[in-house]
Amino acid sequence: MGNNSSLMLRDEEIDVISKETEFNRNQIVRLYSRFLSLDKKAQGFLEREDLLNVPELAVNPLGDRIVDAFFTLAGDEIDNEKRLNFRQFVRVLAFFQPVDRSKKNSLNGRRDKLKFAFIMYDLNKNGYITREEFKVILNSMVGANITTDQLDKIADRTIEEADVDHDGRISFEEFCKAMEKTDIEEKMSIRFLN
Amino acid sequence: LLLLLVSFTFIHCDSTRSPRPSGQIDTPAFFDRAFVMRFGRSVERVMRKADNSNGSETPTRVHVAELKWNSTQDILIISLWLLLACIAKLIFNRAENLTKIFPESSLLIALGLGIGMLLENSRVDKSRFTLDSHMFFLYLLPPIIFDAGYFMPNRAFFKNWDSILLFSVVGTLFNALAIGFSLYGLQQLFSFTRSFTTFEILLFSSLISAVDPVAVIAVFEEININDFIFVNVFGEALFNDGVTVVLYELFKQFMVLDEVLPIDFAAGTAAFFLVAIGGLIVGLLAAMFTAILTKYSDHAVILAPLFIFLVPYMGYLIAETLSLSPIIAIAVCGMVMKQYVKGNVSATAANSVKYFTKMLSSSSETVIFMFLGLSTVSTFQSGWDPLFIIATIIFCIVFRTIGVILQCLFLNKCRGKKFSMVDQFILCYGGLRGAIAFGLAHSIPSSVSAKDMFLTSTIAVIFFTVFLQGSTIRPLVNLLKVERKEISEPTMTETIYGKYLDYMISGVEDIIGQKGHASLVHDFERLNHKVINPILMREHAKTEHFDATKIVRAYAKIILRDAMETTTEGTIGRRTTMRKEDGDTSSIARKRGGRCSCETDQSDDSVDHNPRCPLSEANLEQLYAIFSKMFDEKLDQIKELKKIEESDDESDEICDDYMKQARRGSIMPVADDVAAARRETRLRQVRPSPLVHPIEEERARVNSRSKSTINPPTKFIHQ
């Protein structure tokens, strides 16, 4: 499983990861050096603080949610501490690869990306976004400048638009449907440098 | 009659130019234009009298009235042309069969052509009504470019900055050189009616290779193409002015030099950077200046729109004075200025800016195209060389296609969003030439012997692109099923999730240590908020954190739209409850059915609302101010409501009496204070108040149309 504390990335590992995630060698090597630079304590895995220490992430309103999503999707929980090894790190990042429209699995690609976005919203991981969870996210995004009233109204309105079965919360399917018109493949793609 | 009046002014002006001895009037010349004069001989005589009375004859009697043509003729002519042009545009808007085939721009050119031929036969001095470059570049062009820059989709623009830069710089350069050298090479094989040197033909090719923003706007706006393609073609058209101007001036100077040294090429390259970047800087400075001025103009609110127009125009003029690119300056100014100015001026001022800009640019565009047609007649006297023209057109098309394909090949390797074959085809096809090329061709120095040939070829190419390409682009776009711009109503979901995804991608990019598009935008947003906004925007408009204003604005617009929809439609759909999991106060969700009855068929272009319809843009924004206050009040009242349950069955029917409806729908008794509040708001609706007047009007209109009545208080509360 690659949870070794060895800091050298072996060739076979690169090949395995490359096959799994469709990154090429150069990208994986580059990501590995980034992984090492984030892993300041040289433990061989990342913890939440390691990621939260990224300076730009601190000013990102969704910073901690992003970190949370990383760990939820692929981390192991050992001794009540979430850990992320390199392979898991790359696997999460694979969600953000540009979708190759010629490949027939484009439907999967879109759903996977949306899954990441959904998990970031779903704080208590019960598979639904409730109004309260939504309000928390909205609050962190738009900040304290709008009144709580406006916040409530906006949250209500947004939930109402997406909530097809009117149960007061948004399931993953409803989320996907709400994002139909958005060009997810394009918006949620990052061109990884070689 | 209008035409005749116009021709009279020309004739009279013509006659006032040359001094005539009193009493001797050039009768034969006047008689030649008999067919024009048929309707107004008496007017002519009066004019002559007026002329004589200003001349050497001493007046013998007191005049009851005089004709003062001399003092008003210039502005009268201009106003007449403008009026004529706009009336023509109005007529074209009505003639739908015609506009379905030809773009409006081509119809205006045709009209100009017609008028030109009419006036041609009256032997009026031709130089009076050609498109004066001076007037074109200083008065007619700036409003169009400013309008384009101000309403540019900034987001799409910055996402595609790399392709736009490549197309406008490299593409134009490639086109200019390729066309120039091919034509020169062709000259060695066949000789044209006029001969030209290398630099002369390069001068010509540099002006003919530029895609024209005015023509692009005119044609593309009608077909409502998606933002991606539009922003690429239009961005290229806008910013290739930098290259065109530099090349033009460069070759003009090269022409007079005896020999061209490498230092001259170096100077040319330096000039390009200076022109482009200088224009950019002037635009940015003008934008900042406008923002600061509007920030402090809260006590003299009426000045704000004035600043918004004046400062960019001055930026244009200053850039022109310093021989930088004025088009880039004013376009950049418009683009940058928008977000700061929107936060500083009131909604009414912003509205007036929007409408006035559109009006100015629309009328400018109309006049330009008409004058283009008009000028054709006068310039098409000599220099007509079919071979040259055909060669030019072919080379233009071929090299543009090659250029686009090569550049897209290169770009597709480096970009996320790739150019599909269809995209590339539209890019090639959208390379329209227009009035700027004509203006530049006109200002070719007369020392160039081939000037008239160049001029006619320019006109021919413009006609070809506008008529042929302009009219066929719409069916082609339909055929190729190019993605159109979605004129769907914005949903709250899209706005919020859009922002959400941006932050998310920015965060992931930070994690992997890459500075991609999203994180750059995010960085700029932070910089904007910390440093720039406090300087350029007013205190109360500043946001605490990141840009909340967009979300709040989107929300307000959506709510308003909903409210207006329910005012105009006769039905309110099923009302359902939404309960929170913990079960306290709930809000009511409602499915809305029906559409506004004045929507025209949506198969083609934009949905056009009747100007009186509340859903039209103008009224929507007007009513926003009214509604936002009311909603805040109403929502306080919602919080006191108990659960109201579903009413299925004949819920399409709306009760006349609000209380009856509430009773029908609710199981729980309605709280007393809430009932009182409802009654109060209902009374407030009924009581005539100036604020509510448009709603009353609308309700009256709808009531007369539909059987069931609408209950505004219900709607407001349940919002």
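Please give the FRET efficiency for B:Phe273 paired with B:Met359, using the beta carbon to beta carbon distance and R0 = 25 Å, rounded to the nearest 0.05.
Numbers: r = 36 Å, r/R0 = 1.44.
Taking R0 as 25 Å, the efficiency between B:Phe273 and B:Met359 is 0.10.
What does a probe at B:Asn93 reach in the range B:336-361, counting residues whose amide N is under 11 Å from the point 7 Å along Cα→Cβ?
Under cut-off, by backbone N: B:359.
Using a simple charge model, +1 on the beta-carbon of Lys and Arg, -1 on the beta-carbon of Asp and Glu, nothing else, what dipole does the range B:407-524 show about its Cα centre, in debye to the nearest 20?
Working: 12 positive and 10 negative charges, 93 e Å.
The calculated dipole for the range B:407-524 is roughly 440 debye.
Report the label-to-label distance for B:Ile405 and A:Ala42 in nanometres (one decimal), using points 7 Å from each Cα along the Cα→Cβ vector.
Those two pseudo-labels are separated by 5.7 nm.
Stick to Cα atoms and the Kirkwood definition of Rh, then tell me Rg/Rh for chain A.
Working: Rg = 18.4 Å, Rh = 18.4 Å.
Using only Cα positions, Rg/Rh for chain A is 1.00.
Quantify how strongly other chains surround peptide A:184-191 by giving the mean number of their Cβ atoms within 10 Å of each of its Cβ atoms.
Working: counts 2, 2, 4, 8, 5, 4, 10, 7.
That works out to 5 on average.
If you stretched the chain out fully between B:Asn528 and B:Phe151, how much longer would it get, using 0.36 nm times the residue separation minus the C-alpha to C-alpha distance? The partial results should precede the final answer.
Numbers: separation 377, 0.36 × 377 = 135.72 nm, distance 2.02 nm.
That pair, B:Asn528 and B:Phe151, stretches by 133.7 nm at full extension.
Count charges around A:Gly63 for me, please; just the other residues with Cβ under 9 Å from its Cβ, Lys/Arg as +1, Asp/Glu as -1. Please report the intermediate quantities before stating the final value.
Working: positive: A:Arg65; negative: A:Glu56, A:Asp64, B:Asp510.
After counting each charged neighbour, the total is -2.
Among A:Ile190, A:Phe172, A:Thr147, whose Cα sits farthest toward the positive end of the charge dipole of the range A:121-194 (+1 at Cβ of Lys/Arg, -1 at Cβ of Asp/Glu, about the Cα centre)?
Most positive-ward Cα: A:Ile190.
Per residue, how big is the convex hull around the C-alpha atoms of the range B:444-538? Give it to me in cubic angstrom, could you? Mind showing how you got there, number by number?
Values: hull volume 28.6 nm³, N = 95.
Dividing the Cα hull volume of the range B:444-538 by its residue count gives 302 Å³.
Calculate the spin-label point distance for B:Leu80 paired with B:Leu138, positioning each point 7 Å from the Cα along the beta-carbon direction, and give it in nanometres.
2.3 nm
In angstroms, what radius of gyration and Dmax does the range B:229-275 have, counting Cα atoms only?
Cα-based Rg and Dmax for the range B:229-275 come out at 13.4, 44 Å.
What size of dipole, in debye to the nearest 20, comes out for the range A:113-194 about its Cα centre when the only charges are +1 on Lys and Arg C-beta atoms and -1 on Asp and Glu C-beta atoms? Provide the component values of the computation, followed by the final result.
On the way: 12 positive and 17 negative charges, 84 e Å.
The dipole of the range A:113-194 has a size of about 400 debye.
In nm, give the distance between the simple-model label positions of B:Asp162 and B:Met421, each being 7 Å from the Cα along the Cα-to-Cβ direction.
With each label point 7 Å from Cα toward Cβ, the separation is 2.5 nm.
Name the residues whose placed amide hydrogens come within less than 5 Å of the amide hydrogen of B:Ile225, ignoring near sequence neighbours (fewer than 5 apart) on the same chain.
Residues meeting the criterion, in which the H sits 1.01 Å from N, are B:Lys485.
Give me the net charge for the shell around B:Phe192: Cβ to Cβ below 14 angstrom, other residues only, Lys and Arg +1, Asp and Glu -1. Each step should come with its number before you reach the end.
Working: positive: B:Arg194, B:Lys451; negative: B:Glu200, B:Asp385, B:Asp452.
Residues close to B:Phe192 contribute a combined charge of -1.
Name the chymotrypsin sites (Phe, Trp or Tyr not before Pro) in the range B:267-304 that are in a loop by DSSP and that have at most 14 other C-beta atoms within 10 Å, would you? All intermediate terms of the calculation are to be shown ahead of the outcome.
On the way: sites: B:Phe272, B:Phe273, B:Phe289, B:Tyr296; in loops: B:Tyr296.
Answer by residue number: B:Tyr296.
What does the extension gain come out to for A:Glu49 and A:Arg111, with contour length at 0.36 nm per residue minus their alpha carbon separation?
Numbers: separation 62, 0.36 × 62 = 22.32 nm, distance 2.87 nm.
Using 0.36 nm per residue and subtracting the Cα-Cα distance, I get 19.4 nm.
Can you tell me the FRET efficiency between B:Glu120 and B:Val521 if r is taken as the Cβ-Cβ distance and R0 is 56 Å, rounded to the nearest 0.05?
Values: r = 55 Å, r/R0 = 0.99.
Efficiency computed from Cβ-Cβ geometry: 0.50.
Given the alpha-carbon gyration tensor of the range B:107-228, what are the semi-axes of its equivalent ellipsoid in whole angstrom, ordered largest first, with each equal to the square root of 5 times an eigenvalue?
Values: eigenvalues 184, 145, 34 Å².
In descending order the semi-axes read 30, 27, 13 Å.
Bear in mind these aren't lab numbers, they're just calculated from the coordinates by the rules spelled out. Fair warning: this is a prediction, and the values are worked out from it, not measured in the lab. Backbone-built Cβ (ideal geometry, glycine too); neighbour counts: all protein chains shown.
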